[in-house]
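Engineer: Pasting a structure below so you can have a look.
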Ligand SMILES: [Zn+2]
């Protein structure tokens with residue numbers, strides 16, 4: 001979008017700015033390293049397609065350090081992460097900049113579990129900073145997988161659901177990528193293994209031996225384009241509902 005079109009769309013202060021936030025992180029041998037960016041971006045675009053008041057900002061592509069029990073850990077080649085304080089500052093700076101253009105309503109769409117509390121902090125500091133400039137803004141924060149309904153979980157995981165934490169590189173993300181970016185997935189390279197299990201504690205430095213050598217925490221064997229479409233639609237519908245309820 002050119003700057004004049006953007007200015008026209010945001011000038012009344014009623015636009016909703018959706019900001020996808022992801023990570024560059026290995027997702028097994030069968031998938032590219034950027035599903036945490038591409039999935040929230042596509043979902044945001046799907047939501048924006050339902051209302052002229054919603055705009056999607058370019059994503060923040062780098063995220064907080066991959067953790068062993070939710071992302072396989074920060075020691076795989078290609079997994080490229082930023083410090084928590086860097087992520088906090090990027091989120092804060094981007095929100096402040098968009099608010100100075102006149103925007104007051106924001107939706108942060110998280111695609112990488114490890115980002116969560118750093119996003120909260122970035123939002124908090126941005127709002128505090130903006131209050132000093134006399135600007136009152138509101139930010140909605142969500143992670144797209146929280147919009148997957150129980151019905152959809154039962155359809156996509158007919159053999160039982162082991163939880164979002166071990167879904168890293170599994171059926172959820174792989175199905176969504178088969179639907180949105182099939183060129184980034186090679187199902188022949190999926191490594192089939194049982195969902196990873198971990199002790200109730202973490203240990204630092206992290207121990208690579210805790211993580212399946214594939215880098216995935218559960219098997220993507222049952223992933224399909226059809227599941228991906230279902231997951232995409234349930235997330236777009238649910239998130240649009242939240243945005244409409246608060247901001248439209
Ligand atoms: Zn992921």
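Engineer: Of the residues that sit in segment 118-152 and are assigned to a loop (DSSP other than H, G, I, E, B) and within 26 Å of residue 38 (Cα to Cα), which one is nearest to the ligand (Cβ to nearest atom)?
Structural biologist: Here is the first cut: in segment 118-152, the ones assigned to a loop (DSSP other than H, G, I, E, B) are 133-137, 148-149.
In the following step, the residues that additionally are within 26 Å of residue 38 (Cα to Cα) were identified as 148-149.
On the way: 148: 14, 149: 20 Å.
Checking each candidate, the answer is 148.
Engineer: While we're looking at this one, here's another question. I'd like to check something: does segment 42-61 contain any residue that is within 16 Å of the ligand (Cβ to nearest atom), in contact (Cβ under 8 Å) with a residue 60 or more places away in the chain, closer than 20 Å to residue 206 by Cβ and not in a loop (DSSP other than H, G, I, E, B)?
Structural biologist: no
Engineer: Please pick out the residue among 205, 195, 200 that is surrounded by fewer than 19 Cβ atoms within 10 Å (Cβ to Cβ), in a loop (DSSP other than H, G, I, E, B) and in contact with a helix residue (DSSP H, G or I) (Cβ under 8 Å, 6 or more places away or on another chain). Let's see the steps before the verdict.
Structural biologist: Numbers: 205 fails: in contact with a helix residue (DSSP H, G or I) (Cβ under 8 Å, 6 or more places away or on another chain); 200 fails: in contact with a helix residue (DSSP H, G or I) (Cβ under 8 Å, 6 or more places away or on another chain).
The conditions single out 195.
Engineer: From the list 155, 174, which residue is in contact with a strand residue (DSSP E or B) (Cβ under 7 Å, 6 or more places away or on another chain) and part of a helix (DSSP H, G or I)? Reasoning before the result, please.
Structural biologist: Working: 155 fails: in contact with a strand residue (DSSP E or B) (Cβ under 7 Å, 6 or more places away or on another chain).
Only one candidate qualifies: 174.
Engineer: OK, next. Could you please let me know if residue 37 is within 13 Å of the ligand (Cβ to nearest atom) and modelled with pLDDT of 95 or more? Show your work before the answer.
Structural biologist: Values: within 13 Å of the ligand (Cβ to nearest atom): yes; modelled with pLDDT of 95 or more: yes.
In short, yes.
Engineer: Quickly run through segment 99-117 and pick out the residues that are away from the ligand (no atom under 16 Å from the Cβ) and either surrounded by fewer than 19 Cβ atoms within 10 Å (Cβ to Cβ) or under 20 Å from the mean Cα position of the chain (by Cα) (or both). Don't jump to the end; show me each part of the working.
Structural biologist: In the first step, residues of segment 99-117 are kept if they are away from the ligand (no atom under 16 Å from the Cβ); the result is 99-108, 117.
The answer is 100, 101, 102, 105, 106, 107, 108, 117.
Engineer: Every residue in segment 167-183 that is over 17 Å from residue 43 (Cα atoms) and either more than 14 Å from the ligand (Cβ to nearest atom) or touching a residue at least 60 places away in the same chain (Cβ under 8 Å) (or both), please.
Structural biologist: 168, 169, 183
Engineer: Of everything in segment 69-85, what is over 13 Å from residue 214 (Cα atoms) and outside any loop (DSSP other than H, G, I, E, B)? Give them in sequence order.
Structural biologist: The first filter runs over segment 69-85 and keeps only residues over 13 Å from residue 214 (Cα atoms), leaving 69-70, 74, 78-85.
Scanning segment 69-85 gives 69, 70, 80, 82, 84, 85.
Engineer: Separate question: Filtering segment 12-29 down to residues that are in a loop (DSSP other than H, G, I, E, B) and within 13 Å of the ligand (Cβ to nearest atom), which residue is nearest to residue 172 (Cα to Cα)? Give the derivation first.
Structural biologist: Restricting attention to segment 12-29, the residues satisfying the condition of being in a loop (DSSP other than H, G, I, E, B) are 12-15, 22-23, 25-29.
The next check asks that each one be within 13 Å of the ligand (Cβ to nearest atom); those that pass are 22-23, 25-28.
Values: 22: 15, 23: 16, 25: 16, 26: 15, 27: 12, 28: 13 Å.
Checking each candidate, the answer is 27.
Engineer: Since residue 162 meets every condition but one in (1) within 20 Å of residue 39 (Cα to Cα); (2) within 16 Å of the ligand (Cβ to nearest atom), which condition does it not meet?
Structural biologist: (1)
Engineer: On to the next question. Residue by residue through segment 83-98, note down the ones that are away from the ligand (no atom under 16 Å from the Cβ) and crowded, with 19+ Cβ neighbours inside 10 Å.
Structural biologist: Passing the criteria: 88, 91, 92, 94, 95, 98.
The values are calculated or read from the model by the stated rules, or taken from the named source; none is laboratory data. All of these numbers come straight from a predicted model, not from anything done at the bench. So basically every Cβ, Gly included, is an ideal-geometry build from the backbone, and we count neighbours across all protein chains shown.
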